[in-house]
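These notes are about the structure you will find just below.
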Amino acid sequence: MEKFTFHLAKFIPYRDKKVCERVRIIKKEDISKHPNPQFKIRIIEEENEFYFEFALDIVKRIKKSLEEGKKLVMILPAGPVPQYKMAAHLINRLRISCKHIHTFNMDEYANEEGKTAPETWPGSFKKSMMENFFSVMDDDLRPPEKQIHFPSDKNIDHYGKIIEDLGGADVCYGGIGWCGHIAFWEAHLGFEFGNDLEAYKRAGPRIVELHPMTIMQNALHSFSGDWSSVPPKAATIGPSQIVGAKDRSFWLDGYLGGGISWQRFIARLVAHGPVNTLVPGSILQTVPGTYTLLGGVAENCEISIR
C-alpha cells in the first residue's frame, strides 16, 4: 500500500500525530487498562443498560447522602438526557426526597455578545433539564428552586464561588466533546495556558467561544445537523470545578448506530494521550473518577468508506 502523509487541519488545536497514531490503534480489549488505578475505565455494551446505570449512579448518591443526613452538591451536564427521566422515575417510585441536593449545570449556550439563552429557547440546557429531570420529579420530592443552579451571563463571574461556598461539588458528571472538551471548556482555550497545567486546573467559569468541532458535534446530535441553529458561545464551568469535585463520573455515549461513532478516537486520546491543556478531558487522568464508555464508542477505530 502506497504511503500517504498529511498535516492535520489548521483548526485542530492538538497536533501531535505520533500520539494520535498511538492512541488510535488501542484495541477495545485494552482501552480499560490505565496506569492510574483511581481513573477507572469501563465499558457497558447495551445502550439501555448504559443509561440505566447512569441514572442509578445519580439516584444512589442522592439516597446515600439523604440517609447520612448530608447535603449533596452535584455538577450536571445537559443533553442528551435519557438518564435523567430514568433517575426521576426511580426517585418517584422509591419516594426519595431531593430536598438536600444542590445542582449546578455545567453550561448554557450564549450568543455572540455573551448573553445566555433564555429558558424559553428550545435549545436551552435549562429548559431541557427542567423538562426531563426536575419537573418529572413529584412536587414533594423535588429540590427547592433556589438549590437548582444554571450558569448565565449574570452569574458566571461568581458561579464557581457559589459551588465553593457549599463546600465544593461532591460529584461532577459529564461527557467528552469531539475536540476533547469537558463542559464547554474548549480545546483552543489551552493556548492561553501553554504547558502550565497547574494554572490551567485553577481556571474557573467564563463565557467562551465554541470550537468549530463543538458546533458540528452539537448540530449533529441536537439540531438535526443544522449548524446554523447552534449558538457561537456558551457559559461554562472551568477545570477548577471539575478537578475540585470530590468525585467525577463521566459517560461517553457518542454512538450513532450502524457501526458509526464520532467519539471513538477522542475517547482514546482523552484517556490515553498525554495530560495537556489542548485536550481538556485529559486532566481526568490525574484525579479519581470513573470513565464509562458505551460499547459502540469503545470499538476499534477503523477507516470505513461506504
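Place +1 on the Cβ of every Lys and Arg and -1 on the Cβ of every Asp and Glu in the stretch 173-295, take the dipole about the Cα centre, and give the residue among Gly177, Pro239, Thr214 whose Cα lies farthest towards its positive end.
Selected residue: Pro239.
Take every Cα pair under 8 Å in the stretch 28-101 that's 6+ residues apart, average their separations, divide by the length, and report that relative contact order as a whole percent.
32
Over the alpha carbons of the chain, what is the largest minus smallest coordinate on each principal axis, giving the biggest first in Å?
The Cα atoms of the chain stretch 67, 42, 38 Å along their principal axes.
I'd like the FRET efficiency for Asp16 and Leu166, computed as 1/(1 + (r/R0)^6) with the beta carbon distance as r and R0 of 51 Å, rounded to 0.05.
My answer for the efficiency is 0.85.
Rounded to two decimal places and with Rh computed the Kirkwood way over Cα pairs, what is Rg over Rh for the stretch 1-62?
We get a ratio of 1.14 for the stretch 1-62.
In debye to the nearest 20, how big a dipole does the chain give about its Cα centre with +1 on each Lys and Arg Cβ and -1 on each Asp and Glu Cβ?
That gives the chain a dipole magnitude of about 580 debye.
Calculate log10 I(q)/I(0) of the stretch 57-182 for q = 0.16, 0.20, 0.22 Å⁻¹, where I(q) comes from the Debye formula with a single equal point scatterer on each Cα and nothing for solvent.
-0.81, -1.26, -1.47
Net charge near Gly296: determine it from the other residues with C-beta under 11 Å of the C-beta of Gly296, scoring Lys and Arg +1 and Asp and Glu -1.
-3
For the stretch 258-306 and the stretch 103-131, compute the distance between their C-alpha centroids and round to whole Å.
What the calculation gives is 26 Å, centre to centre.
Using a 7 Å offset from the Cα along the Cα-to-Cβ direction at both Lys28 and Arg95, what is the distance between the two label points in nm, to one decimal?
4.4
Given R₀ = 35 Å, what would the calculated FRET efficiency be for Asp226 paired with Glu67, taking r from the Cβ atoms and rounding to 0.05?
0.15
Which longest uninterrupted range of the chain lacks any GluC sites (Glu not before Pro) assigned by DSSP to a loop state (not H, G, I, E or B) and surrounded by at most 12 other Cβ atoms within 10 Å?
By the stated rule (loop sites, at most 12 other Cβ atoms within 10 Å), 114-301.
What pairs in Lys60/Lys115; Lys40/Lys154; Lys99/Lys161; Lys27/Lys126; Lys17/Lys85; Lys146/Lys246 have C-alpha atoms more than 32 Å from each other?
Cα-Cα > 32 Å for Lys60/Lys115; Lys40/Lys154; Lys27/Lys126; Lys17/Lys85; rest within.
Over the alpha-carbon set of the stretch 9-107, divide Rg by the Kirkwood Rh and report the Rg/Rh ratio to two decimals.
Rg/Rh for the stretch 9-107 comes to 1.10.
Nearest 500 deg cm²/dmol is fine: what mean residue ellipticity at 222 nm does the chain get from its DSSP H runs of n ≥ 4 alone, each adding -39,500 (n - 2.57), divided by its residue count?
Theoretical 222 nm ellipticity from helices: -8500 deg cm²/dmol.
Using the Karplus curve 6.51 cos²θ - 1.76 cosθ + 1.60 with θ = phi - 60°, what ³J(HN,Hα) values do you get for each residue of the stretch 9-23, in whole Hz, with x for Gly and Pro?
Calculated HN-Hα couplings, in order: 4, 5, 7, 7, x, 8, 10, 7, 5, 5, 5, 4, 5, 5, 6 Hz.
Using θ = phi - 60° and the Karplus curve 6.51 cos²θ - 1.76 cosθ + 1.60, what whole-Hz ³J(HN,Hα) does each residue of the stretch 112-126 get, with Gly and Pro shown as x?
3J(HN,Hα) across the stretch 112-126, in whole Hz: 5, 8, x, 7, 6, 5, x, 4, 6, 6, x, x, 5, 5, 4.
Between the stretch 50-74 and the stretch 160-216, what is the C-alpha centre distance in whole Å?
24
Set Lys and Arg Cβ to +1 and Asp and Glu Cβ to -1, take the dipole of the stretch 152-281 about its Cα centre, and tell me which of Ser228, Leu256, Pro280 lies farthest positive.
In the stretch 152-281, that residue is Leu256.
Sequence-distant or interchain residues sharing an amide H contact under 5 Å with Ile43, placed H: which?
Leu293
DSSP beta bridges in the chain, what fraction antiparallel, as a percent rounded to 5?
So the antiparallel bridges amount to about 35 percent of the total.
Compute the long axis of helix 47-67 from its Cα atoms, compare it with the longest principal axis of the Cα atoms of the chain, and write down the angle in degrees, 0 to 90, nearest 10.
40
Can you give me the angle between helix 212-222 and the longest principal axis of the chain, using Cα atoms only, in degrees from 0 to 90, rounded to the nearest 10?
The two axes meet at around 60 degrees.
When a footprinting reagent is the concern and you count Cβ atoms within 10 Å, what order do Ile96, Ile207 take, fewest first?
Placing the least packed residue first, the sequence is Ile96, Ile207.
With N residues in the stretch 162-306, what two-decimal value do you get for its Cα radius of gyration over 2.2 N^0.38 Å?
1.05
Can you list residues from other chains, or at least 5 along the same chain, whose modelled amide H is less than 5 Å from the amide H of Leu210?
Close amide H contacts, sequence-distant or interchain: Lys233, Ala234.
Every number here is computed from the coordinates shown, using simple stated rules; none is lab data. Keep in mind that this is a model prediction, so the values were computed, not measured. A quick note on method: Cβ atoms are made from the backbone with ideal geometry, for glycine too, and the neighbour counts reach across all protein chains shown.
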